[in-house]
Every structure is written in C-alpha cells, then in structure tokens.
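Below is one structure, written out as structure tokens; the observations come after it.
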Amino acid sequence: MSGFDVRSLDAVRRRSAAIIASIALSLILLIALVLSRFGEGTPAGAAQPPEIPMVQAAAEIELSRSSPEYTITPVENLRDLEHAAFYTDCVACPLDTQTIVATVPSGGTLAGVLNDAGASGVDVARAVNSLDPVFDVRRLRAGQSITVYLETPRSAEDNERAPRLAGLSFRPDIERSITVSRLADGSYRAREMTAEFERELVRSSGFITTSLYVDALAAGSTDRIVVELAGILAYAVDFQRSIREGDRFDVVFERFLDSDGNLMRTGDILYVMYAGRGDPLEYYRYESEDGQIAYFNEEGESAQRLLMMTPINGARLSSQYGMRHHPVLGYNRMHRGTDFAAPRGTPIFAAGYGVVERADRFGSFGNYVRIRHTNGFQSAYAHMQGFARGVTAGARVQQGQIIGYVGTTGRSTGPHLHYEVHHNGTSVNPMSLDLPTGRTLEDDEIPLFEAERDRIIAIRDSARNAAETGDAAASRIVSARNLEGAQ
C-alpha cells in the first residue's frame, strides 16, 4: 500500500502499550495503598497502640458529648490530665508534635516564652487571650515552668511551614493546673483543673535540745511553720539569746495531704505556746468580723507589740545598754543602746510602724536612721552601710520592713548595728521594755474570741501528732473514706 510506514505503526503500538502499562501500575499502587490503610488485622509482632482514644479537637468533643459511645474517665492526677489533653501518639496522623518545657525568665512574659518556643505570633496572641477567663497572665512569676506543645507537618511539601501551637500547660500552684488547647477552627480554649487535698489539724510539740528550728522540724513542723511560729513569738522572745535547753514549744496547724498521704502544703497556725524562763506564752488565732487576723493571749491581748524585740536576725549581742568602757574613747561612758555584731550587708528591720524622721549621715553615728512611732516612742539605727531604697525623711515604714544594712560607718571598730529606743525623749533599754500591745480586743469582741479560743483548745487536745509518717497518714485517709462509704 502506498503511504504506509511500518515504523510509524510500531511507534504507535509502543506508545499505546506504555500508556496501558502506566495505567495498570497506577491502579496496582492505589489498591496496595488502600489495603495498607484499611486492611483488617495487625501483623504479628507489630507494636500495639495504647488503648486510649486519640485526642479530638475540643470542638469535635463538645459535639459528641451526647453520643453514647463518648465517655469521660475521671483522672485524679493533674499530670495525667495535662498529658491526656495533648496525646498524639498516632503514626497515621498528618502532623508530628513536639513538646518543649520552658521557664519564664526574670521580666519575661508568657507570650515571649511561646514565641521563643517557635509558635507564630497569631497563635500566641489567640492562646494568651484565651486565658483571660481562668488566669491573669500578669501574675505569671519568673521561674514558672511552661510546657508547650507544637505541631509540625509531616508531608515533604509542607516542610517549610512554621510549627503550629497545639497547646500549653502550666501549674501556677500545687493545687491548680491550667491547660490551653487548640480547637478545630484555630481558636484556643483554656481550662483550669483543681486537685482536692485532705485537710487535717496536727500538733507539733517538744523540748529545746538544739534549737527551735531543729527541734520543731523533728516534731513534725515544716520550714514555713517554724518561721511563722518565730514571727508570732518574736515580740516577746529573743530567739537568738533567750532560748535555753529544756524550754518547751507547742504549735497546732493545718496541713493538706494528697490521696497517698503525701504532704502537699501547710495552712494556718491555730495555736502557739512557748515556755521558757518566765510565764508560758500562749496565743490563739482569731479573725475579727472585719476580716483582720491576729494572735491573742487568753485575755485578748495581741501577740504583736509596738516594737520588735530585736530589729536584726542572726546577730550577736556584742554590747548591752548601760555604763561601759568605750572601745574607741578609752573611758567609761553611758551606752544608750544595744549593739548587735553582724556581717556587713546584713538587713536591718524597722522595729515598728512609723515615720522616718531622718536618714542621713549623723556625726559619730555614721549612716543613721531615726523612726517616730506612736505612744511617744522613737527607734534609732546607727553605723549602717547604707539605706534601703525609699527610706528617706518623711517616708512611712512598716514593722519588719528592711530600712538599711549593717556597716561600720562613723565611730566604729567593726561592722555592727547600734540600736536605740527613746520614750518621750529619754533613752530606755530596748531589751527590757514592757511595750504596749499592737491591739487589745474590745469588750463586745471578747465573747466571740473566748468561744474561738475554747474551740482551738479542744482541737489542740485531740490533734494528731504532726510527726506521724506519710504512710500512716495515707492509711488513715483510706480508712476514713472506707468508713464514710459504709455509712
């Protein structure tokens, strides 16, 4: 036949065969992919996924709450709740998750932490704003640990996309956990979860053999309780010089335990007793109708005094009030104050509430502060290294506020605090003052206080030993719950 070319026909046939082969190969690959995704069974020896549901977007969960297949299993452990909210251990998921544990730096913000972790600005703004109903981010403290969860795409073509913020979690205190999770529409939801602790009232008592701190800890108190105990008694007891072996102490306080009997935190002190050389000191916690909380003795007199016994901690009494041989001038002279030797830079506290009359250089006293208090009292502090910020003439100071630091300015042989108290213009011995109380209950408050005092005495007499072990406390909690369930 004219015009017929065998080579052209062969080319057409080859092209047709190639197309058919390509289509067939594509169908085979598609079928294999479908079978691999949806085939029944799991190959022998393959790792089994954990039997917990994959986390759905919160919006999807809300829609499915009415479904009989959807159930919520209560979780008591806050840590389990946090991690369950972001569980993504699934090989078929299109996104990988990354967990970053960050710490809020000094002066830092939550937004800054999330940005540093790699979250986008839009996600950060949405997540931070979602916290408004449950947590004020301005209260986030430096050192707070934040767990950040990011999602990144697995597919090759999406590798250049920025990570997406899946959520975050943190604990502002031991009782609360805050979580923020991403919803299906790209917004965020914040939740607050609170743990419940078992409250109990316990009693820590004993004798001084080493120090109040060591012996109170051995009797079941905590660091915080010992510090507060000393603070309540500080107006009547000089813990640095007056404590002796054999003195007795007694304190009743709240403590809170988890379900395993572990101590989570301590609460209020209800009762304090200290018996040394003089009459025993006993104080009871009382909250007045206007919300003021203080500690009072049996007669309704406040434990707090107009002035603290000593305005410095950890110092050695190096020179007492009265006549002495002056170490610099070389002759006997009236020493109108009390000296406390301490290292340079040791904080000095205002002995009471008042107004600063002067804070400057004052002759042989060196750097000097004088404070005017009520009832005609003044206190003075000399030889200071320097003044605390804001301590200037005319400034108001609180009792226990740092006003300066130990130094050796002026006529001084070494770093120490020279402390004076004046009453109506005359110097008096700071260590033997019978100071007025900070507050005495009014006549109409006495019956209410006496009722509270008697209630606390009954609690004290029946309170458990604070030195009880955690195992014993846990057993008691379980037994109490079993008893409640049987009733």
Checklist outcome for this item: Per the rule of 0.36 nm per residue minus the C-alpha distance, extending Ser120 to Asn313 adds in nm 64.5 nm
Checklist outcome for this item: Given the candidates Val226, Leu212, Leu183, the one whose Cα lies deepest towards the positive end of the charge dipole of region 173-243, counting +1 at each Lys or Arg C-beta and -1 at each Asp or Glu C-beta, is Leu183
Checklist entry - Ranked by Cβ crowding within 10 angstrom, fewest neighbours first, how are Phe207, Phe249 ordered? => result Phe207, Phe249
Item to check | Interchain or long-range residues, amide H under 5 Å from Ala184's placed H | outcome: Ala58, Ala59, Glu60
Item to check | Residue-by-residue Karplus 3J(HN,Hα) for region 397-402, coefficients 6.51, -1.76, 1.60, Hz, glycine and proline x | outcome: 10, 9, 4, x, 6, 6
Item to check | Ranking of Asp461, Asp290 by count of other Cβ atoms within 10 Å, fewest first | outcome: Asp290, Asp461
Item to check | Percent RCO, i.e. relative contact order, over region 361-457, from Cα pairs under 8 Å lying at least 6 residues apart | outcome: 24 percent
Next on the checklist: Report the Cα-based extents of region 316-432 along its three principal axes, largest first, to the nearest Å.
Outcome noted: 38, 30, 24
Next on the checklist: I want the local charge near Gln378. Using Cβ-Cβ distances under 9 Å, sum +1 for each Lys or Arg and -1 for each Asp or Glu among the other residues.
Outcome noted: 0
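None of the figures in this text is laboratory data; all of them are computed from the coordinates on show. Please read these numbers as outputs of a predicted model, since none were measured by experiment. Glycine also receives a Cβ, built like all others from the backbone with ideal geometry; neighbour counts cover every protein chain displayed.
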